[in-house]
Amino acid sequence: MELRYDTFYIGGEWVRPTTSRTITPVNASTEEPLGQVPEGAEADIDRAVAAARAAFDDPSGWASWEPARRAEVMERLADAIDRRADGFVDRVSAQNGMPVAVARQLETGYPSAVLRYYTSLARDAVFEETRPGLFGGSIEVRKVPVGVVAAIVPWNFPQALTMFKIAPAMATGCTLVIKPSPETVLDSYLLAEAVEEAGVPAGVVNIVPAGREVGAYLVAHPSVDKVAFTGSTAAGRAIAETCGRLLRPVTLELGGKSAAIVLDDADLDLTRIGEGLFGATLLNNGQTCFLGTRVLAPRSRYAEVVDAFTALAGSLTVGDASDAATQIGPMATARQRERVESYIAKGRGEGARLTTGGGRPDDLERGWFVQPTVFADVDNSAVIAQEEIFGPVLSLIPYDDVDDAVRIANDSDFGLGGTVWTADPERGAAVAHRVRTGTIGVNRYIPDPAAPFGGVKASGLGRELGPEGLTGYQQFQTVYR
Ligand code: NAD
């Protein structure tokens, strides 16, 4: 795969970059370069924001259209994305190491399902209502699009997380400047091609791959009305500071360190629950924000839980992300592997008991691989239990009773995902209700497009997905009549 692009998709056209800077995405499994794209500079962002601004401000343009008319365009975009399904799978998994089996589920199909869901919301949602005023007259309450959206996305699920922003923004009548992460740029060109093919009006979706400084420039751009960010908590704090100063609405989907709470009645037979446990704790090589990487195990069945997770992690097929049999691919970058390995070293140094993994696979000489790793006997105050590792590393933490499990689950700076594993779903839901987190599953976890997704505490602000996800792209306007 040698893919070269020399333009950006801005204002409905393929335009030349203003500098000669380039980005070279690399295959995470082989360390080979995959191609080259231009790297956006501030002047490119200026052009993209101007195009989005012009499209939004056009009095008879996109924002003024009936939602059902926008829905037709969104439907065509979903079709154009689906026609490129194989391309998205190949490009995403080559760039970030996501196993193709995972990419096939979550980087195609899923993003277009999100878009189709918002298409139906655009058709059905009520954007205006009239109510009687308390002091006479009537009041018109309008939900108007917030305006030009700066959408900044990370590399771990580049298409799904971009769609979390495009879909509600398009449904409400906003326009966007999307800044993909430098690690995952090739898939963003397929998206731009789909946008063009679908006949999305010029300037509604603009895409400029660039690094963090240019991202910061976009966040602070005077013509941007709202920022939608997914990424690390550190970057989220910096972006929130800028948006605070500018009083600019912002949605932040940040890091996590969620708890997978195994109750004392849980079924631990991996033939029945292995796939679900994998999806909730190790999906995408551990590079998934909502994973329950702190596994809380009852002391009464502690050894059994340790055995189950050790067997699960030890049984996974580690290999080239393009191999259909691969369950754990490489880390997305060399830097990311260094980070994961430094946490494994910290875990050893903190006295946690390594039960499987801990190193690099012997048989893979190229690629940024790390063995799926399990630490038992971890104290919840340990660094490996408190900080997000973003790799296939689980910390098993014993608890005394359910109150203790809830206390440990909540003893975290983060609050994004989590799961409860039990033979009794009602009991599981009662425990789930006590965990301070934006989302949590009972015996399963999948961010469902029909429900709000996001975090509390250092995991973020605001929600994406569900009908609730529309509100992040709307302002209320009240007209007294
Ligand atoms: P990152 O924060 O370094 O980068 C994310 C994106 O933000 C990239 O496009 C980057 O170029 C840009 N960026 C970085 N600093 C910026 C700044 N100051 N201003 C503007 N843009 C900036 O994160 P990453 O390493 O790419 O992704 C991993 C992190 O993302 C993890 O912490 C993970 O938990 C988090 N994440 C969260 C969710 C969620 O929904 N909560 C989903 C996926 C990933």
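The values are calculated or read from the model by the stated rules, or taken from the named source; none is laboratory data. The structure presented is a predicted model; accordingly, all values stated were derived computationally and were not measured. When we count neighbours, we look across all protein chains shown, and the Cβ atoms used for this are built from the backbone with ideal geometry, even at glycine. These accessible areas exclude ligands, DNA and RNA; they are computed on the full protein's heavy atoms, side chains included. Shrake-Rupley method; radii C 1.70, N 1.55, O 1.52, S 1.80 Å.
Here are the numbers for this structure:
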read-out	value
Karplus-derived HN-Hα couplings along segment 272-281 (A = 6.51, B = -1.76, C = 1.60, θ = phi - 60°), whole Hz, x at Gly and Pro	9, 10, x, 5, x, 4, 4, x, 8, 10
By accessible area with a 1.4 Å probe, ligands and nucleic acids excluded, highest first: order of Trp62, Trp155	Trp155, Trp62
Size of electric dipole in segment 1-64: Cβ of Lys, Arg +1 and of Asp, Glu -1, about Cα centre, debye, nearest 20	120
Other-chain or far-sequence residues with amide H under 5 Å of Leu282's (modelled H)	none
Alpha carbon centroid spacing (whole Å) that separates segment 216-250 from segment 69-93	28
Loop sites in segment 1-74: trypsin sites (Lys or Arg not before Pro), DSSP, at most 15 other Cβ within 10 Å	Arg21
Two-site FRET efficiency, Asp58 against Arg131, from Cβ-Cβ distance with R₀ of 22 Å, rounded to 0.05	0.15
Mean separation of Cα contacts under 8 Å, 6 or more apart, over the residue count of the chain: relative contact order %	18
Accessible area of the chain belonging to carbon and sulfur atoms, whole % at 1.4 Å probe	51
Rounded to whole Hz, the Karplus (6.51, -1.76, 1.60) HN-Hα couplings of segment 68-77, x for glycine and proline	5, 6, 5, 4, 4, 5, 4, 4, 5, 5
Normalised contact order of segment 259-448, rounded percent, pairs of Cα under 8 Å and 6 or more residues apart	28
Cα centroid separation - segment 406-434 against segment 307-359, whole Å	25
Amide H contacts under 5 Å for Ile261, placed H, 5+ residues apart	Leu296, Thr419, Val420, Trp421
Cβ-Cβ FRET estimate between Glu338 and Arg481, R0 fixed at 56 Å, reported to 0.05	0.35
Segment Arg83-Asp363, extension gain: residue separation times 0.36 nm, minus the distance between their alpha carbons	97.2 nm
Per-residue SASA entry for Arg237, accessible area with 1.4 Å probe, Å² rounded to 10	140
In Hz, Karplus ³J(HN,Hα) per residue of segment 456-471 (6.51, -1.76, 1.60; θ = phi - 60°; x = Gly, Pro)	10, 6, 6, 8, x, 9, x, 9, 10, 6, x, x, 4, x, 5, 5
CD proxy at 222 nm, helix term only [per DSSP H run n ≥ 4: -39500 (n - 2.57); per residue of the chain; nearest 500]	-11500 deg cm²/dmol
Simple spin-label estimate for Asp377 and Asp400 in nanometres, 7 Å along Cα-Cβ	2.0
Interchain or long-range residues, amide H under 5 Å from Gly35's placed H	Leu3
Between segment 140-188 and segment 1-21, the alpha-carbon center distance in angstrom	19
Positive-end residue, the chain charge dipole about Cα centroid, Cβ charges, pick of Ala321, Ala51, Leu77	Ala51
Out-of-range pairs (alpha-carbon distance over 23 Å; input Lys143/Lys179; Lys179/Lys226; Lys143/Lys226; Lys143/Lys457)	Lys143/Lys179; Lys143/Lys457
Overall Cα dimensions of segment 259-448, principal axis frame, Å, largest first	47, 35, 30
Given 13 as the ceiling on other Cβ atoms within 10 Å, longest exposed-site-free region of the chain for GluC sites (Glu not before Pro) in DSSP loops	32-364
Near-label residues of segment 435-476 by backbone N, under 20 Å of a point 7 Å along Cα→Cβ of Leu247	472-476
Virtual spin-label span in nm between Ala68 and Ser223, 7 Å along Cα→Cβ	3.3
Computed Rg/Rh of the chain, alpha carbon atoms with Kirkwood Rh	0.99
